[in-house]
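Down below is the structure, laid out as structure tokens.
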Amino acid sequence: MDVDLRKLRYFVVLAEELNFGRAAQRLHIAQPVLSRQIRALEDELQVPLFVRDKRSTELTAAGRQLLEDGRPLLAAAEALKRRVAQAARGTTRFSIGFMPGITVTDWVRAFTARHPDVEVELVRTTWDDQVEALHDGRVDVSVVRLPIDQRGLTVRPIFAEPRVAVLPAEHRLAGKESIEIIDLAAERVLNDPDAVPEWRDISVQLREGTAPPARRYTSIEEKLEDVASGQGIAIIPKSTSEYYNRPDVVHVPVGDIGPNQVCLAWISTRRSPLIHDFAEIVS
């Protein structure tokens, strides 16, 4: 049986929202249409994907597996469309993703000197999409910050840099030359806890279950706005803190947490010589 990518896309959005109304709105379709498509997908796969009642919608074990496998399948299909369209235009384009605070200028100049006929495109990524941009074909290579899901990727270390705590200018720790992670045990840290395991393991709020719901940030600017307004603090790489310097926040080194590792990543199955040329330049 062939998998219908349109139905799979509908399923993934519903699995992310777990609400038919919100999912239909995201997909710009009517809710009854979404319900019919999901039922049709369940019939084709001969398994229930959701457990539904009047109050909630939850994934079944089969649904969780389909979500895990379906996302990379959709991303690969999107990447295929992008590369085919590029080939049809008759142009050679090389796209490079980069995270905030990382400067890629010297690498790009060296690459264009080697390949003056290649059109280079730079794509700013975020924590949320630095890997997704590789899988869906938006970029050929990406300068990423660990940790990331490395499945299906070749990941080559470039450099490591220290991390700092970003605090409101009036914060009790703002005048310190450096701090330890234990100093932040009672703070609300705006990072994903898994991204700062040293804090996660000692956090008072996480231990007591009093931590507010985590907000999903789409940019470092949004996070710094919340820091400046006293909503919490953030742990970020030193280069990012220097690039996004502003007077209402301060940056204090955290002496006992590991550095942030910066790497170059690309899809392991890609065999483009341009990728390996760029990797050679970066390394």
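The values are calculated or read from the model by the stated rules, or taken from the named source; none is laboratory data. Please read these numbers as outputs of a predicted model, since none were measured by experiment. Every residue, glycine as well, gets a Cβ built from its backbone with ideal geometry; the counts of neighbours run over all protein chains shown. The area values use the complete protein model at the heavy-atom level, side chains included, leaving out ligands, DNA and RNA. Shrake-Rupley method; radii C 1.70, N 1.55, O 1.52, S 1.80 Å.
For the stretch 246-266 and the stretch 116-174, compute the distance between their C-alpha centroids and round to whole Å.
12 Å
Kirkwood Rh over Cα pairs of the stretch 129-261 into Stokes-Einstein at 37 °C, 0.692 mPa s: D in µm²/s?
Translational D for this selection: 207 µm²/s.
DSSP beta bridges in the chain, what fraction antiparallel, as a percent rounded to 5?
So the antiparallel bridges amount to about 70 percent of the total.
Largest first and in whole Å, what are the equivalent-ellipsoid semi-axes of the chain based on the Cα gyration tensor, each being the root of 5 times an eigenvalue?
Equivalent ellipsoid semi-axes, largest first: 35, 30, 15 Å.
Within 10 Å, count the other beta carbons around each residue, average over each peptide in 104-117, 13-26, and list them highest first.
Ranked from most to least packed, the peptides come out as 13-26, 104-117.
Taking only DSSP H segments of four or more residues, each worth -39500 (n - 2.57), what value at 222 nm results for the chain once the sum is divided by all its residues, to the nearest 500 deg cm²/dmol?
-12000 deg cm²/dmol, from helical runs alone.
Tell me the carbon and sulfur percent of the accessible area for the stretch 76-227, rounded to whole percent, probe radius 1.4 Å.
51 percent
If we count every other residue with Cβ under 14 angstrom of R9's Cβ, Lys/Arg +1 and Asp/Glu -1, where does the sum land?
Charge balance in the 14 Å sphere: -1.
For the stretch 226-283, go through all pairs of different Cα atoms, get the mean of 1/r, take its inverse, and jot down that Kirkwood value in Å.
14.9 Å
Taking 37 °C and 0.692 mPa s as the conditions, I'd like the Stokes-Einstein D for the stretch 142-181 in µm²/s, using the Kirkwood hydrodynamic radius from alpha carbon pairs.
Translational diffusion coefficient: 242 µm²/s.
Taking just the C-alpha trace of the stretch 1-90, give me its Rg and Dmax in Å.
Calculated on Cα positions, Rg and Dmax stand at 14.5, 53 Å.
Suppose R0 equals 51 Å. What FRET efficiency, 1/(1 + (r/R0)^6) with r the Cβ-Cβ distance, do T112 and D192 give to the nearest 0.05?
Calculated transfer efficiency: 0.90.
Run the quick spin-label model on V123 and A214: label points 7 Å from Cα toward the beta carbon, then report their separation in nm to one decimal.
2.4 nm
What does the charge add up to near R26, with Lys and Arg as +1, Asp and Glu as -1, over the other residues with Cβ less than 12 Å from its Cβ?
Value of the local net charge: 0.
Considering the dipole of the chain built from charges on the beta carbon (Lys and Arg +1, Asp and Glu -1) around the Cα centre, which of A77, N19, V250 is farthest to its positive end?
Farthest towards the positive pole: A77.
For the chain, what does the relative contact order come out to in percent, with C-alpha contacts under 8 Å and a separation of six or more?
21 percent
At 0.36 nm per residue, and after removing the present C-alpha to C-alpha distance, how many nm does the segment from A85 to I158 gain when stretched out fully?
So the extension gain works out to 23.1 nm.
Taking only protein heavy atoms into account and a 1.4 Å probe, give the accessible area per residue of the stretch 1-44 in Å².
Averaged over the residues of the stretch 1-44, the accessible area is 57 Å².
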